[in-house]
Amino acid sequence: MASTRFVDITKEGLWHNNPGLVQLLGLCPLLGVSSTAVNALGLGIATILVLVGSNFAVSLIRSAVTDAVRLPAFVMIIAALTTCIELLMQAFTFELYQILGIFIPLIVTNCAILGRADAYASKNPVLPSVIDGFMMGLGFALVLLVLGMLRELVGYGTLFAGMDLLLGPMAADWRIVVFPNYKDVLFVILPPGAFLFMGLLIAVKNVIDGVVKDRAAARAAKPAVGGKRVRVTGAVGP
């Protein structure tokens with residue numbers, strides 16, 4: 001039963017209830033910093049850490065916090081964790097921190113984080129809450145990363161440029177030039193391009209969900225394969 005529950009949590013966070021593609025939460029940072037893969041990955045990792053930490057802390061104190069101060073307490077926990085992440089980025093990835101700018105402190109106002117704390121972590125034990133936070137954060141980070149890769153590819157003709165800002169000198173040569181002598185597409189780099197590609201990602205998910213639903217309905221409607229039954233009426237004699 002426990003393993004089934006964790007599988008359901010994973011499916012919810014990564015696909016069925018993805019914060020970015022389904023709930024459409026946290027769109028401000030999602031669209032604002034996803035111009036490159038490194039920016040998206042940096043914000044995605046920060047969001048995962050805050051989500052896991054806040055769900056852990058909220059689940060621990062869930063029985064000690066009254067309804068009157070529940071939301072302010074949750075916001076204080078999220079703000080404290082965000083401040084810790086911000087200080088760590090200033091210490092170890094300062095250039096990336098400067099690029100992301102105001103979007104790191106704005107993690108405090110990310111509705112996906114407060115929503116999971118209130119809707120799930122405050123009502124469930126620690127382990128499921130931590131897994132829920134990780135999977136929701138991972139789903140959000142994956143959408144960020146895919147969006148950042150698409151915009152960087154179409155906007156600059158490259159992939160993984162500037163990864164050394166996040167991972168250090170070992171990632172300095174990770175830059176892949178997909179289209180040599182490529183002329184930058186400004187529309188894709190700017191926020192309108194983020195809206196366009198985000199809409200495309202949502203459309204692709206809806207198409208996949210529709211295909212899966214149709215196949216499931218077709219399998220359910222298919223008659224069971226088995227031997228034919230012969231109905232005999234009347235007496236059978238010599």
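Things worth noting here:
- Of the residues L147, L138, L142, L127, the single one that is open to solvent by 60 Å² or more (accessible area, probe 1.4 Å), under 24 Å from I48 (Cα atoms) and under 17 Å from the mean Cα position of the chain (by Cα) is L142.
- Scope region 191-205; condition touching a residue at least 24 places away in the same chain (Cβ under 8 Å) and either on the phi > 0 side of the Ramachandran plot or more than 19 Å from the chain's Cα centre (by Cα) (or both); matching residues: P191, G193
Rundown of residues vs (1) surrounded by 12 or more Cβ atoms within 10 Å (Cβ to Cβ); (2) assigned to a loop (DSSP other than H, G, I, E, B), yes/no style:
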residue	(1), (2)
P180	no, yes
K183	no, yes
V188	yes, no
G199	no, no
A203	no, no
I208	no, no
V212	no, no
R215	no, no
A220	no, no
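- Residue within region 9-26 that is touching a Ser or Thr at 6+ places or on another chain (Cβ under 8 Å) and closer than 19 Å to R151 by Cβ present: yes
- Residue under evaluation A161, criteria (1) in a helix (DSSP H, G or I); (2) of a type in the set (G, A, S); (3) surrounded by fewer than 22 Cβ atoms within 10 Å (Cβ to Cβ), criterion not met: (1)
A quick yes/no check of all residues on (1) without any contact (Cβ under 8 Å) to a residue 40 or more places away in the chain; (2) of a type outside the set (A, V, I, L, M, F, W, C); (3) assigned to a helix (DSSP H, G or I); (4) open to solvent by 10 Å² or more (accessible area, probe 1.4 Å):
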position	(1), (2), (3), (4)
R5	no, yes, yes, yes
E12	no, yes, yes, yes
L21	no, no, no, yes
N39	no, yes, yes, yes
R62	no, yes, no, yes
T66	yes, yes, no, yes
L71	no, no, yes, yes
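- Sole exception among (1) farther than 19 Å from P105 by Cβ; (2) under 20 Å from the mean Cα position of the chain (by Cα); (3) open to solvent by less than 60 Å² (accessible area, probe 1.4 Å) for S54, by number: (1)
- Candidate set: region 98-108, residues that are free of Cβ contacts under 8 Å to residues at least 60 places away in the same chain and open to solvent by 30 Å² or more (accessible area, probe 1.4 Å); chosen: the one farthest from V50 (Cα to Cα): Q98
- Unmet requirement for L165, which otherwise passes all of (1) closer than 30 Å to A2 by Cα; (2) touching an Asp or Glu at 6+ places or on another chain (Cβ under 8 Å); (3) among the hydrophobic types (A, V, I, L, M, F, W, C): (1)
- Residue match in region 83-97 (condition: buried (at least 19 other Cβ atoms within 10 Å of the Cβ) and under 26 Å from K11 (Cα atoms)): no
The values are calculated or read from the model by the stated rules, or taken from the named source; none is laboratory data. What you see is a predicted model; the values in this text were computed from it and never measured. Here Cβ is always computed from backbone atoms with ideal geometry, including for glycine, and neighbour counts include all displayed protein chains. Surface areas here come from the heavy atoms of the whole protein model, side chains and all, with no ligands, DNA or RNA. Shrake-Rupley method; radii C 1.70, N 1.55, O 1.52, S 1.80 Å.
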